[in-house]
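The values are calculated or read from the model by the stated rules, or taken from the named source; none is laboratory data. None of these values were measured; they are calculated from a predicted model. Virtual Cβ from ideal backbone geometry, glycine too; neighbours counted across all protein chains shown. Just so you know, the surface numbers come from the protein's heavy atoms only, side chains and all, with ligands and any DNA or RNA stripped out. Shrake-Rupley method; radii C 1.70, N 1.55, O 1.52, S 1.80 Å.
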Amino acid sequence: MTSDSKGGAGRASGVNMWGGHFDSAPSDLMQEINASIDFDKRLYAQDIAGSRAHARMLGARGILSAEDVAAIENGLDQVLAEIEGGDFPFSRELEDIHMNVEARLTEIIGDAGKRLHTGRSRNDQVATDFRLWLRDMLDRFDGQLRDLQAALIERAEQHAETVMPGFTHLQTAQPVTFGHHLLAYVEMFGRDRGRLSDARRRLNESPLGSAALAGTSFPIDRHMTAAELGFDRPMANSLDGVSARDFALEFLGAAAICGTHLSRIAEELVIWSSAPFRFVRMSDAYTTGSSIMPQKRNPDAAELVRAKVGRIMGAQVALMTVMKGLPLAYSKDMQEDKEPTFDAVDALSLAIQAMTGMIRDLTINPDAMRAQASGGYSTATDLADWLVRVVGLPFREAHHLTGRVVRAAETRGLRLDELSAEDLAAVDARITAEAMAVLTVDASVRSRTSFGGTAPDGVRARAAEARERFL
């Protein structure tokens with residue numbers, strides 16, 4: 001964006017902010033590749049907060065006068081109000097949010113604005129802003145993931161006894177409950193919250209005061225600015241302070257893992273809502289129609305969540321590629337750190353919120369779930385376990401014998417629980433009528449009482465524990 005009428009025409013150009021030994025301004029092409037204000041303006045609140053803390057520290061250390069500090073704080077208040085009111089004259093000639101804020105501040109308060117940059121550099125300034133911004137985003141993600149977990153737990157409690165097929169290789173394996181299935185994602189998103197919390201803890205050190213790369217000769221108090229900005233401590237090495245971007249890489253890694261979890265459940269919603277399954281029906285709020293086929297209800301929100309993950313993974317690879325060969329300390333390559341991170345934040349936030357809405361609005365079809373759970377010989381393992389427990393067969397022999405029962409049922413086109421006592425005895429006389437009790441899907445899920453299993457009482461207990469742990 002270019003300068004507007006609100007003081008913009010008289011503001012210093014980029015060359016005048018840093019180009020005392022340059023004879024001419026950068027070319028238009030150089031300005032185009034160099035300017036970052038179009039995307040880094042979203043750091044405005046963090047930039048102003050950092051400048052306010054820096055000014056107060058300079059005043060406390062006697063480096064700036066109390067009058068200058070007061071003028072700077074009042075001027076920053078006005079700059080913040082202009083930006084939030086949509087009246088700020090952003091200029092691409094001033095390259096970035098830091099120079100834009102400083103130039104406007106100087107217009108408002110005069111020479112005191114020029115003194116603000118004492119003892120700091122854009123290198124430590126941008127590193128500080130980026131950490132502050134990402135810290136805010138991590139706090140937001142924790143709340144969003146908590147909301148998603150809450151939606152999943154609520155639905156799990158509602159469907160602690162709703163039988164559905166459990167799958168391996170997308171083939172019917174054993175009966176589980178829908179509540180049990182949803183609680184698996186509660187655990188995954190809980191670990192995601194843990195990873196993001198760990199990333200927040202590690203990034204919460206302040207680069208401010210590292211200056212360009214070597215620190216500063218001014219008697220600054222980095223502990224003061226770190227405390228005022230909510231950091232745990234100042235970073236211990238000035239080179240590391242201006243050049244580290246592993247905090248963003250760590251976030252992107254955690255975001256990519258979280259994205260895979262979102263993509264997995266999104267894929268399941270796509271499958272479950274399809275005509276062959278009909279396990280669930282997605283609400284009008286998260287589906288679309290076809291321009292040519294009137295009957296279509298497309299699970300577009302789930303498909304787009306699935307697709308957003310590609311952008312998040314791409315952002316991680318992009319930033320790793322930018323950083324992998326950079327010598328210490330700062331290089332302008334690192335200006336490319338923000339756009340992929342911003343894009344990943346936006347994509348992940350939207351995906352989490354969309355998934356939360358889909359889960360809350362979902363209509364469940366227990367009959368369709370039960371019908372498919374009852375097929376595919378899903379209780380075969382229960383028969384094998386019965387042969388081990390009651391008849392005393394070794395599991396491998398029980399497995400083989402159960403396979404013969406499944407083959408007999410397949411030959412006759414029957415489910416296992418449709419076989420009669422005579423049918424079972426015809427396969428092997430040791431299989432008595434007592435075995436018929438374990439062949440229903442309800443008996444199967446009720447029997448899985450081991451900790452973390454799918455038995456309805458266990459699902460209710462684990463849901464209650466999840467509420468305590470996560471909500």
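Residues are listed down the side, and each one gets a yes or a no for (1) of a type in the set (Ser, Thr, Tyr); (2) over 29 Å from Val186 (Cα atoms):
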| position | (1), (2) |
| --- | --- |
| Lys338 | no, yes |
| Asp343 | no, no |
| Ile359 | no, no |
| Arg370 | no, no |
| Gly375 | no, no |
| Ala384 | no, yes |
| Val388 | no, yes |
| Ala408 | no, yes |
| Thr411 | yes, yes |
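Restricting segment 389-412 to residues that are touching a Lys or Arg at 6+ places or on another chain (Cβ under 9 Å) and within 13 Å of Ala426 (Cα to Cα), the residue that is surrounded by the most Cβ atoms within 10 Å (Cβ to Cβ) is Ala409. A search for C-beta distances below 6 Å between a residue of segment 413-441 that is within 19 Å of His399 (Cβ to Cβ) and any residue that is open to solvent by 70 Å² or more (accessible area, probe 1.4 Å) and modelled with pLDDT of 90 or more, counting only pairs 6+ apart in sequence or on different chains, returns Val427/Arg404.
Of the residues Pro340, Pro299, Pro294, which is over 15 Å from Ala256 (Cα atoms) and open to solvent by less than 80 Å² (accessible area, probe 1.4 Å)?
Only one candidate passes the filter, namely Pro299.
Taking the stated definitions as given, is Asp346 more than 23 Å from Gly253 (Cβ to Cβ), in a helix (DSSP H, G or I) and without any contact (Cβ under 8 Å) to a residue 24 or more places away in the chain? Answer is no for this residue.
The criterion of at least 1 residues that are under 30 Å from Ser274 (Cα atoms) is met, among helices (runs of 4 or more DSSP H) falling completely within segment 353-471, by 366-374, 380-386, 395-412, 441-447, 456-470.
Under the condition of being assigned to a loop (DSSP other than H, G, I, E, B) and of a type outside the set (Lys, Arg), the residues counted in segment 302-343 number 7. For segment 157-184, a tally of residues being part of a helix (DSSP H, G or I), open to solvent by 10 Å² or more (accessible area, probe 1.4 Å) and closer than 16 Å to Ile271 by Cβ returns 2. Those helices (runs of 4 or more DSSP H) of segment 22-104 in which at least 2 residues are loosely packed, with under 14 Cβ neighbours inside 10 Å, considering only elements entirely within it, cover 28-34, 66-84. The residues of segment 282-291 that are surrounded by 15 or more Cβ atoms within 10 Å (Cβ to Cβ) and not in a loop (DSSP other than H, G, I, E, B) amount to a single one, Tyr286. The number of residues in segment 434-453 being open to solvent by less than 60 Å² (accessible area, probe 1.4 Å) and closer than 23 Å to Gly403 by Cβ comes to 9. If the condition is being farther than 14 Å from Glu187 by Cα and open to solvent by 90 Å² or more (accessible area, probe 1.4 Å), then segment 454-470 contributes Asp457, Arg460. Does Met313 meet the test of being open to solvent by 50 Å² or more (accessible area, probe 1.4 Å), outside the structural domain of Glu418 (by the TED database) and either at pLDDT 95 or above or within 28 Å of Val163 (Cβ to Cβ) (or both)? Judged against the criteria, Met313 is a match. Within segment 216-246, the set of residues being of a type outside the set (Gly, Ala, Ser), in a helix (DSSP H, G or I) and open to solvent by less than 10 Å² (accessible area, probe 1.4 Å) comprises Thr225, Val242. I'd like the full set of residues that are closer than 30 Å to Asn365 by Cβ, of a type in the set (Ser, Thr, Tyr) and under 21 Å from the mean Cα position of the chain (by Cα), limited to segment 168-224. The answer is Tyr185, and nothing else.
Just one of the listed residues (Glu205, Glu250, Glu268) is buried (at least 17 other Cβ atoms within 10 Å of the Cβ) and under 17 Å from Leu304 (Cβ atoms), and it is Glu268. Taken as a whole, the structure places Glu154 among residues that are assigned to a helix (DSSP H, G or I), in the same structural domain as Ala329 (by the TED database) and open to solvent by 30 Å² or more (accessible area, probe 1.4 Å).
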